[in-house]
Amino acid sequence: MKFFIDTANLEQIREAYEMGVLDGVTTNPSLMAKEGIKGLENQRKHYIDICNIVQADVSAEVISTDYEGMIREGEELAALNPHIVVKVPCIADGIRAIKYFTQKGIRTNCTLVFSTGQALLAAKAGATYVSPFVGRLDDISEDGIALVGQIVDMYRYYGYTTQVLAASIRSTRHIIQCVEVGADVATCPLSAIKGLLKHPLTDSGLQKFLEDYKSING
Ligand code: E4P
């Protein structure tokens, strides 16, 4: 399973990249706002900075909700760097725009996906990635991981090549559950990725090895 980091914070992106296990980055307008990146020029420079750090897929989201606006924005974003993946909301004009981008060879991430029906449309339009939002479904007492599993099964059954990118991941447990249902990618906060390392037996085992080494070597 590939790991993307779900942030626009350059320090966190660098830290995850230096761990050596990072396959890409997802951003969204809320994550950009959290970093206080104001103005179109600064936002575009920020996307380029992220691409230069990771040299891997970086999802950059369009703001337009109409077909023509999405096409214009998406083409501008894609021209910034070859690593940019244009993130498009799962609405009617968005599906149509994904179809257009697919025909033009521009890679896409269909975002704000909350049902298998939406994921079916994204795959039929040729999306590179589909992003079911796990945490936001859990927040309303639905089962986000179950949806990821259903989409994985549907794509395998029909042979769609769209990759299932589990988004809105809130915990380390969510990452393990994504593995269990066969997600292609999980985009996660840095804390959830780091949580995978934690095990008390690793800590106590390492401590004992170091103590025993010291006992014979001073
Ligand atoms: C990433 O592609 C999504 O925009 C992001 O994971 C949403 O996460 P949230 O539900 O925690 O805002």
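Counting lysine pairs in the chain that sit 8 or more residues apart in sequence, or on different chains, and whose Cα atoms lie under 22 Å apart gives 14.
At 0.36 nm per residue, minus the direct Cα-Cα distance, what do LEU40 and MET19 gain on full extension? Give it in nm, one decimal, please.
On the way: separation 21, 0.36 × 21 = 7.56 nm, distance 3.06 nm.
Gain on stretching LEU40 to MET19: 4.5 nm.
Rounded, prolate or oblate, given the Cα gyration tensor of region 1-94, with a/c below 1.5 counting as rounded? Prolate.
With both labels modelled 7 Å from their Cα along Cα-to-Cβ, the GLN207 to GLU68 distance reads 6.7 nm. Could you give the angle, 0 to 90 degrees to the nearest 10, between helix 10-19's Cα long axis and the longest principal axis of the Cα atoms of the chain? Once rounded, the angle reads 60 degrees. Here region 45-158 was treated as a single set of alpha-carbon atoms; its pair distances binned every 10 Å from 0 give 15, 42, 32, 10, 0 percent.
Each principal axis of the Cα cloud of the chain was evaluated for its coordinate range; sorted largest first, these ranges are 71, 41, 30 Å.
What trypsin sites (Lys or Arg not before Pro) in region 30-80 are in a loop by DSSP, with at most 10 other Cβ atoms within 10 Å of the Cβ?
Numbers: sites: LYS34, LYS38, ARG44, LYS45, ARG72; in loops: LYS38.
In loop regions of region 30-80 (DSSP not H, G, I, E or B), the sparsely surrounded trypsin sites (Lys or Arg not before Pro) are LYS38.
Against the chain, whose longest principal axis is taken from its Cα atoms, helix 116-125 shows a tilt of about 70°. The long axis of helix 40-54 is offset from the longest Cα principal axis of the chain by roughly 50 degrees. Here is the P(r) of region 122-205: all C-alpha pair distances, binned every 5 Å from 0, give 3, 15, 24, 21, 15, 10, 6, 3, 2, 1, 0 in whole percents.
Using Cβ point charges alone (K and R +1, D and E -1), the dipole size of region 23-153 about the Cα centre works out to roughly 340 debye. Under the convention that each Lys and Arg Cβ holds +1 and each Asp and Glu Cβ holds -1, the size of the dipole of region 72-218 around its Cα centre is about 300 debye.
Note on SER30 and ASP143: the model spin-label points, each 7 Å out from Cα along the C-beta direction, lie 2.4 nm apart.
Dipole magnitude of region 125-209 about its Cα centre, charges +1 at Lys/Arg Cβ and -1 at Asp/Glu Cβ only, in debye to the nearest 20? Let's see the in-between values first.
On the way: 7 positive and 8 negative charges, 74 e Å.
Approximately 360 debye in magnitude.
For THR26, the residues whose modelled amide H falls within less than 5 Å of its own, excluding neighbours fewer than 5 places apart on the same chain, are ILE5, ASP6, THR7, SER59. Computed on the chain, with alpha-carbon pairs under 8 angstrom and 6+ residues apart, the relative contact order is 16 percent.
None of the figures in this text is laboratory data; all of them are computed from the coordinates on show. Please read these numbers as outputs of a predicted model, since none were measured by experiment. Glycine gets a Cβ as well: all are built from the backbone with ideal geometry, and neighbour counts include every protein chain shown.
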